[in-house]
Amino acid sequence: MDNLSQAVKQVLEEKGVLSELKAKIRAEIFESLQIGKELGVDDKENQENDIKMNRLKWNKQELVINELIKEYMVFHGLQHSLSVFSSETNHTNKTKKVDIHNELGYTKDDKNSSPLIYDIAQTKP
């Protein structure tokens, strides 16, 4: 039986399914903890998490960086990573989206669908 479970695990790892499942589980656990907090479930660990979350007040520069990272993840189909990233940065659909092109002084090119981070990386000082 151990050989079978090892073989299944290896196949799932090679196909990338195992890492997707782990990321999805992490995101779901974090989201569940957030929902519990919203419902008033309160214990010492939740109070410590509240203190940490209150520290996550992003300034404008950090919001731009977060948007660059999210745009990159969406472009490459990293939905599970994006889910975890959005949860960990306390980003919801209600969070105001930052116009990264405008903030960084780049003209948005509708013909170019690649993330802005590529343009930034190619820019030479």
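State the extension gain, in nm to one decimal, for the chain segment bounded by Met1 and Lys60, taking 0.36 nm per residue of separation less the distance between their alpha-carbons. List each step's numbers first, then the result.
On the way: separation 59, 0.36 × 59 = 21.24 nm, distance 5.39 nm.
The Met1-Lys60 span can extend by a further 15.9 nm.
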Note: Leu12 to Asn90 extended length (0.36 nm per residue) minus current alpha-carbon separation gives 25.1 nm
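Give the calculated FRET efficiency between Ser32 and Thr123 to the nearest 0.05, with a Förster radius of 41 Å applied to their Cβ-Cβ distance.
Numbers: r = 41 Å, r/R0 = 1.01.
Working from the Cβ atoms, E equals 0.50.
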For 78-90, 19-31, 100-112, ranked highest to lowest by mean beta-carbon neighbours within 10 Å, the order is 78-90, 19-31, 100-112
If each K or R counts +1 and each D or E counts -1, the residues other than His80 whose Cβ falls under 10 Å of its Cβ total +2
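Quick note: the coordinates plus some simple rules give every number you see, no bench work behind them. What you are looking at is a predicted structure, and each value in this text was computed from that prediction instead of being measured. Here Cβ is always computed from backbone atoms with ideal geometry, including for glycine, and neighbour counts include all displayed protein chains.
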